[in-house]
Structure formats: C-alpha cells, structure tokens
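The block underneath contains the structure these notes are about, expressed in structure tokens.
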Amino acid sequence: AAVTILLLEALDETLTSPEDVEQKLSLPVLGVIPLLTEGETTLEAIGNVRSPFAESYYSLRTALQFSTPQGAPATLLVTSARPGEGKSTTAYATAVNLARTGRRVLLLDGDLRNPSMHRVVGVDNDRGMSNLLAGSADIGAVIQRTETDNLFFIPCGPLPPNPAELWGSDRLRQFLTLALGDFDHIVIDGPPVLGFADAPLLAANTM
C-alpha cells in the first residue's frame, strides 16, 4: 500500500498549491485569489476594498508592478486551461486595480467564441474586437468608457466564423501598437488554452 501511494504521488501532475506551481512549472507565483463567497458578484467583491478578495488583487497588482524593471507589463493576457476558472474575473479586477493607480488602462474581451466581459462591465456587445480585426471598424468606433476612472473597454462584438485567423492577422499587432500610444496598459481577457488555437496565437502576437 505504501508503494502504491508513493507511485500515485509521483505520477500526480495536478497543481494544488503555490509551491506546486513554482516546483513543477519553474514559474513565480504572483498572487493567490480566494473564491467568492456564495451569492457574491465580482463587482460587489471588488467594490468592497476591505474584503479578502479585493485585497488579494491589490497584492497581485503590486506583484505585477515589481515583475519587470519597467513596472507592470504594458500588455497583459489573462487565460486559463478551461472555461469557468476565473480568468475574466481576474482580467477585470487587474484592469480596475491598475486604473486606480492613475494609469490609463484598456480592457479587451479577447474571447471571440464565448464572450462574457461585456456582462461584467455592463455594456452592449453589438460591435467590438471582431469588427476591429476584420477591418470593418476603427478603434474610435468600438472603444467604450466604463464607470471606473481611467478604464476603457472594447467588447468582443459579433461572433466571427474564424477567430484564429483574426488573432493571427497583422491587424492585431497594428492595433496594439496604436493603442499603446494612448494607454499605459492593455489587459486582454483571452480565450481558454485547451481546445482551440486562439490563445497561443493571441499570446504570440501580444508579446
């Protein structure tokens, strides 16, 4: 029985603690975010600045500000292995906290297959990144103000038939170059990694 237990532990590749992340992936842990309490929304939790949830994102923002010699990266892509793991909440909370420091922040909904950020922000999704990447709209036509000072938002827009092709186009790089002339940070709520090529293409074009 002892040999079986040791064998199972040796074969276990799941990540169950910050120490597992650092040991198995050789990457630093920037922050640990607690689960929301039952019935609590993202906006309520972030709005309560004394809650453990909000405090954890303050810590994450601080870690990001010290992650490079230049401060927090200008472009941040937030993704996860599968849907429903909190990437949209993390992207929104990170953008809000960066904006609270006085930096101009642009938040993008980069999930062109199953967008949700427009519901979090509370805006319409009739046009957005898909129009921009397809060349049918410019940045001025799709960008929206939010209720948070210094935070601006571009939703997904109509679902395109070819998200991977849009993320691999030159228009994305041209847009990021243009947007970074007006914003200090761009935070992208990306698609999940597993199942589609969207996230790797988006990651390669935002580095």
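The values are calculated or read from the model by the stated rules, or taken from the named source; none is laboratory data. Keep in mind the model is a prediction, meaning the values are calculated, not measured. So basically every Cβ, Gly included, is an ideal-geometry build from the backbone, and we count neighbours across all protein chains shown. Calculation scope for accessible area: heavy atoms of the full protein, side chains included, ligands and nucleic acids excluded. Shrake-Rupley method; radii C 1.70, N 1.55, O 1.52, S 1.80 Å.
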TODO: Can you grab the distance from the C-alpha centre of the range 125-170 to the C-alpha centre of the range 62-93, Å, no decimals?
DONE: 19
TODO: Tell me which residues come under 5 Å, amide H to amide H, from Thr75 once H is placed; ignore anything under 5 positions away on its chain.
DONE: Ile186
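Using a probe of 1.4 angstrom, how much of the accessible area of the range 64-150 is carbon and sulfur, in percent?
On the range 64-150, the fraction of accessible area on carbon and sulfur atoms equals 44 percent.
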Open item on the list: Apply the Karplus curve 6.51 cos²θ - 1.76 cosθ + 1.60, θ = phi - 60°, to the phi angles in the range 56-73 and return the couplings in whole Hz, x for Gly and Pro.
Closed with: 5, 6, 4, 5, 5, 4, 4, 4, 5, 5, 9, 7, 9, x, 8, x, 4, x
TODO: Return the sequence-ordered ³J(HN,Hα) values of the range 86-95 in whole Hz as given by the Karplus equation 6.51 cos²θ - 1.76 cosθ + 1.60 applied to θ = phi - 60°, using x for Gly and Pro.
DONE: x, 5, 5, 4, 5, 4, 5, 5, 5, 4
Open item on the list: Connecting C-alpha atoms closer than 10 Å in a GNM of the chain, tell me which of Ser116, Ser136, Ser80 has the biggest fluctuation.
Closed with: Ser136
Open item on the list: Just to check I understand the Karplus step: with θ = phi - 60° and J = 6.51 cos²θ - 1.76 cosθ + 1.60, what whole-Hz values come out for the range 155-161, glycine and proline as x?
Closed with: x, 5, x, x, 5, x, x
Task: Calculated SAXS-style log₁₀ I(q)/I(0) at q = 0.20, 0.27 Å⁻¹ - the range 138-184, Debye, Cα scatterers - done: -0.82, -1.18
- [ ] Using R₀ = 35 Å, calculate the FRET efficiency as 1/(1 + (r/R₀)^6) where r is the Cβ-Cβ separation of Asp124 and Leu25; round to 0.05.
- [x] 0.35
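Is there a quick way to get the dipole size of the chain? I mean about its Cα centre, with the Cβ of Lys and Arg at +1 and of Asp and Glu at -1; what is the value in debye to the nearest 20?
Details: 14 positive and 24 negative charges, 105 e Å.
In total the dipole reaches around 500 debye.
Starting from the Cα gyration tensor of the range 59-207, take the square roots of the eigenvalues, sort them a ≥ b ≥ c, and report rounded, prolate or oblate (rounded when a/c is under 1.5, otherwise prolate if a/b is larger than b/c, else oblate). Present the calculation step by step, with values, prior to reporting the outcome.
Numbers: a/c = 1.39, a/b = 1.26, b/c = 1.11.
It is rounded, given that a/c, with a ≥ b ≥ c, falls under 1.5.
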Open item on the list: Which residue fluctuates most in the GNM of the chain (Cα springs below 10 Å): Thr146, Thr68, Thr79?
Closed with: Thr68
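Under the classification rounded if a/c is under 1.5, otherwise prolate if a/b is larger than b/c and oblate if not, where does the range 52-146 fall, given a ≥ b ≥ c as square roots of the Cα gyration tensor eigenvalues? Show your work: numbers first, answer last.
Values: a/c = 1.89, a/b = 1.50, b/c = 1.26.
It comes out prolate by the Cα gyration axes.
Would you mind working out the accessible area per residue for the chain, using a 1.4 Å probe, and quoting it in Å²?
Details: 11550 Å² over 207 residues.
Result: 56 Å² per residue.
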Open item on the list: Please list, ordered by chain and number, the residues whose modelled amide H lies under 5 Å from the amide H of Leu107; skip anything fewer than 5 residues away on the same chain.
Closed with: Phe152, Phe153, Ile154, Val187
Task: Selected from Leu194, Pro115, Leu133, residue furthest toward positive end of dipole (the chain; charges at beta carbon) - done: Leu133
